[in-house]
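In what follows, a structure is listed as structure tokens, so that the remarks can point back to it.
The values are calculated or read from the model by the stated rules, or taken from the named source; none is laboratory data. Bear in mind the structure is a predicted one, so any value in this text is a computation, not a measurement. No Cβ is skipped: glycine too gets one built from the backbone with ideal geometry, and neighbour counts run over all protein chains shown.
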Amino acid sequence: MKSINIEDFKVVGNINLSKIPTKLDIDTDKEQEEVELDKVQMKLSKKQDAMYAHNRHAFLICLQGMDTSGKDSLIREVFKEFNPRGVVVHSFKTPNSTELEHDYLWRHYLALPEKGKFAVFNRTHYENVLVTRVHPEYILFENLPGIEKVEDITPQFWENRFEQINNFEKHISQNGTKILKFYFHMSKE
């Protein structure tokens, strides 16, 4: 099995997804992968127990990726050794009518983990600047002041949303939530 350097997967600046490989050859077989996965599951389970006892930090795991990229499988496999009371998974779909009566980050604040616990966001607060950039008409459902039609959505609107998301993450981080973000960039193979 080839050694994996996690530094190769950290994003520290602008990237071009078309230049990043979608398949990683780690020269392994299913049995080796199962052994490694078991080790990771046990390590994380012990970390969860320690975090719960310490009660100072929470973990937010953000998973973003195309449909069928493996987010659900990862959640099922990686977290199966956790105490179920210590991890909550939230799948963010199209906002419902109650969610649309609040700002777009409101539902994410509600889903944040308590201290000592983990939350997994299967799709995240980034959806609001991904999907709505492709379908700006969805913004109209938010009933925002000054936004009556798609043409009212300016480049500054998007810059403001990016800043709001950064501020959201900064705020929760400064208050004890560790954030790990993963983007599933995989080929069909």
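Things to note:
- Which numbered condition residue 146 fails, given (1) modelled with pLDDT under 95; (2) on the phi > 0 side of the Ramachandran plot: (1)
- Subset of segment 95-127 (residues that are free of Cβ contacts under 8 Å to residues at least 40 places away in the same chain, hydrophobic (A, V, I, L, M, F, W, C) and touching an Asp or Glu at 6+ places or on another chain (Cβ under 8 Å)): 106
- Residues being touching a residue at least 60 places away in the same chain (Cβ under 8 Å) and either surrounded by fewer than 16 Cβ atoms within 10 Å (Cβ to Cβ) or part of a helix (DSSP H, G or I) (or both) - total across segment 155-178: 5
- Members of segment 140-189 that are hydroxyl-bearing (Ser, Thr, Tyr) and under 22 Å from residue 10 (Cα atoms): 173, 177, 183, 187
- Those residues of segment 25-60 which are part of a loop (DSSP other than H, G, I, E, B), surrounded by 11 or more Cβ atoms within 10 Å (Cβ to Cβ) and within 23 Å of the chain's Cα centre (by Cα), in sequence order: 55, 57
- Taking the criterion of being assigned to a helix (DSSP H, G or I) and within 20 Å of residue 101 (Cα to Cα), the residues of segment 138-151 that qualify are 138, 139, 140, 141, 142, 150.
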